[in-house]
Amino acid sequence: MNVLLLGANGYMGPHVVRALAPDHHLRITDIQPPPPDVREALQDHEFRSVDVTDPDQVRAAAQGMDAIVNLSVVRRDPVLAFHVNTLGCYHVMQAAVACGIHRVINTGPHFTMAGPGYENWDHGIGPDIPPHPGTGLYPLSKSLGQEICRSFTEVHDVCVLEYLFYSLRDKDELRQGAGGVPFVVSWADAAEAFRLGLEIDLARLPSKCEVFFIFGDVPQAKFLNDKAKRVLRFAPKDDVSALWRRPG
Amino acid sequence: MKSTNLSRRGFLAGGGLGVVGLAGGVPAEDTQESPDPGESQSEGPTRGVLITSAESPLAGAIAAELSRGYRVSLTAREDVRSDYPVTKSELNADEATVALVRGNEAIVHVAQPVVAADETVPIDDRTRLTYNLLQAAKQAGVQRLVYLSSLELLTAYGEEFEVTEEWRPRPGSEPRLLSHYLGEFTCREFAREGSLSVVILRLGKVVRAEEAAGQPFDPLWVDQRDVVQAVWLALAALETDDGRKLGPWSIFHVQPDSPAARFSVEKAKRLLGYKPKFNG
């Protein structure tokens, strides 16, 4: 499959690239150039500079692709957060429709859906809830982007898998008793979810826009990852529950 | 199907009657029936209302009417001449926007995007700028917001349905319409966290009845003077509500009270006391 990766040189991108490169042809893009060693190691793949805030650049990058993975994000800048997280999604979906791409994986933080109105109150929070991001710049601008994606799927032949994350750790950081938020996944398991998202038969999705909480098997049941397991067949390998095990 | 010719004539006839006695937008008898904004006219109004998008004729009409009970100011992104104070502002995320809203008890966010070739400008204006405005309102202690949105969010539903405020918006992917929905979404999160109370007024296509004469009837038409009335009533209801009737978040459809209109205004009539004068 030809896959366009947007925002691929951030924290998540290199892990996703490693997971997808063996099976797919990747067009790896970002506003930042990739490290030389990455470019050297992935000579069979394409590298481009693409600014997700520029619709023409996004559309040109989408030409000839079968799927788009949008990893772009801005968290703090009050202008760019909206231009990347919100308008960027519009550009991605517009490009997908224009180029006949039926599969988009969009990404964001857990509070794209489950902001403080859920997180401060509830347990058993799954991804199929009305979005309540709250008023933080990052969650709200991402949630608006997600709403744009959803609206496009209602009127166009395109499917969106929305992957939401919270805490990501290297495997060697999953130390016994270290603690953390109850929505944590290793980078390797997170990246594997993207491989599954490109493999899944879109007809198996319950709808054309599905949200997935991507995290490992934590013991708290504050949030639920069962949908990712059931629909994507996500099977996290790294034991994140160790974070809450008592030493001894 | 509705009879468009008859409906059109009815709309204009209603408008013709309604024009008589209008002063600044709202029939005097209506405003007297509305909750008193609580100001002595002889002492001058003290409660401040900021109106955005001063460039738009609708904002001007709203300002003229609200000035009968409020200390009105406007903001615009361009130079605008007005009978009321106008502050030019880009509504950026900065202290200038906080200063702009400070001292007002309410904001009427007309949310009219600037005219631009870029089709996504309405999305940016109705998300980012609304966000900046509401963050500033939160910081400055502004308590109430009336946000003007569009009934076109619901036209994707079949005309055989009686579509009310309870129905989920279906904006599709066209940026202008999508931007209305995203603007509402942004406001809703501020209301949900309790920062301020919000009334969303979803408007039909705003016209003046006499100017619509001779044009093909549109079941989304709503007269500007009825919109102004709805804004007045929404502000008054928010002031006196204490969260009992409206709560922190409520949506009202604003159309003529007519079978020819695309959407019902029963909720606005019931909870706001809306009495449109330009009916088909």
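The values are calculated or read from the model by the stated rules, or taken from the named source; none is laboratory data. Predicted model, so just to flag it, every value in this text is computed and none were measured. Glycine also receives a Cβ, built like all others from the backbone with ideal geometry; neighbour counts cover every protein chain displayed. Side chains are part of the model used for accessible areas, which takes the heavy atoms of the whole protein and leaves out ligands, DNA and RNA. Shrake-Rupley method; radii C 1.70, N 1.55, O 1.52, S 1.80 Å.
On the range B:226-280, 50 percent of the accessible area sits on carbon and sulfur atoms, based on a 1.4 Å probe. In the range A:50-97, the residues that give up 50 Å² or more of accessible area when the other protein chains are added, compared with the chain on its own (1.4 Å probe), are A:Phe82, A:Leu87, A:Tyr90.
Quick check for me: using +1 on Lys/Arg Cβ and -1 on Asp/Glu Cβ, what's the dipole size of chain A about its Cα centre, in debye to the nearest 20?
Dipole size: approximately 480 debye.
Simple rule: put +1 on each Lys or Arg Cβ and -1 on each Asp or Glu Cβ in the range B:154-270, find the dipole, and look at B:Ser264, B:Val227, B:Ile251; the Cα lying farthest toward the positive end is B:Ile251. Sequence-distant contacts, meaning Cα pairs under 8 Å at least 6 residues apart, place the relative contact order of chain A at 18 percent.
When the square roots of the Cα gyration tensor eigenvalues are ordered a ≥ b ≥ c, the ratio a/c for the range A:1-153 is 1.5 or more and a/b exceeds b/c, which makes its shape prolate. The magnitude of the dipole of the range B:61-148, with charges of +1 and -1 set on the Cβ of Lys/Arg and Asp/Glu and taken from the Cα centre, is near 420 debye. Only lysines eight or more places from B:Lys245 in sequence, or on another chain, were considered; those with a Cα closer than 18 Å are B:Lys267, B:Lys269. As a fraction of the 1.4 Å probe accessible area of the range A:113-191, surface on carbon and sulfur atoms comes out at 51 percent. Excluding the site residues themselves, the longest part of chain A lacking any trypsin sites (Lys or Arg not before Pro) in a DSSP loop with at most 14 other Cβ atoms within 10 Å is A:77-174. Within straight-line reach of A:Lys237, meaning a Cα separation under 17 Å, sit the following aspartates and glutamates at least 8 residues removed in sequence or on another chain: A:Asp170, A:Asp172, A:Glu173, A:Asp189, A:Glu192, A:Asp217, A:Asp226.
Interface area, chains B and A: about 2100 Å² of buried accessible surface, summed, with a 1.4 Å probe and ligands, DNA and RNA left out.
Anything over 21 Å Cα to Cα? Flag those among A:Lys142/A:Lys208; A:Lys142/B:Lys88; A:Lys142/A:Lys171; B:Lys205/B:Lys277, in the order listed. Among A:Lys142/A:Lys208; A:Lys142/B:Lys88; A:Lys142/A:Lys171; B:Lys205/B:Lys277, the Cα-Cα distance tops 21 Å for A:Lys142/B:Lys88; A:Lys142/A:Lys171.
Dipole orientation for the protein assembly as shown: of the candidates B:Leu74, B:Leu196, A:Ser49, B:Leu196 has the Cα lying most toward the positive pole (charges on Cβ; Lys, Arg +1; Asp, Glu -1).
Simple point charges give the picture: +1 on the Cβ of Lys and Arg, -1 on the Cβ of Asp and Glu, and for the range A:1-143 a dipole about the Cα centre of about 140 debye.
Contact residues in the range B:91-123 by the 10 Å² criterion (accessible area, 1.4 Å probe, full protein complex versus chain alone): B:Ala93, B:Glu119, B:Thr120, B:Ile123.
For the protein assembly as shown, with the dipole built from +1 on Lys and Arg beta-carbon atoms and -1 on Asp and Glu ones, taken about the Cα centre, which of B:Ile62, A:Pro133, B:Ala117 lies farthest toward the positive end? Value computed over the given set: A:Pro133.
Carbon and sulfur: what percent of the range A:1-96's accessible surface (1.4 Å probe)?
About 50 percent, which is the carbon plus sulfur part of the accessible surface.
First check a/c for the range A:23-98, with a ≥ b ≥ c the square roots of the eigenvalues of its C-alpha gyration tensor; if it is under 1.5, answer rounded, and if not, answer prolate when a/b is larger than b/c or oblate otherwise. Taking the square roots of the gyration eigenvalues as a ≥ b ≥ c, the range A:23-98 is oblate. I need to check one value: relative contact order of the range A:1-125, counting alpha carbon pairs closer than 8 Å and at least 6 residues apart, in percent. So the answer I get is 26 percent. Once the 1.4 Å probe is applied to the protein heavy atoms, the range A:38-173 comes out at 38 Å² accessible per residue. The residues of the range B:132-189 expose on average 36 square angstrom of accessible surface per residue, using a 1.4 Å probe on protein heavy atoms. Solvent-accessible surface, computed for protein heavy atoms with a probe of 1.4 Å, shrinks by 50 Å² or more for the following residues of the range B:127-146 when the other protein chains are added to the isolated chain: B:Arg128, B:Tyr131.
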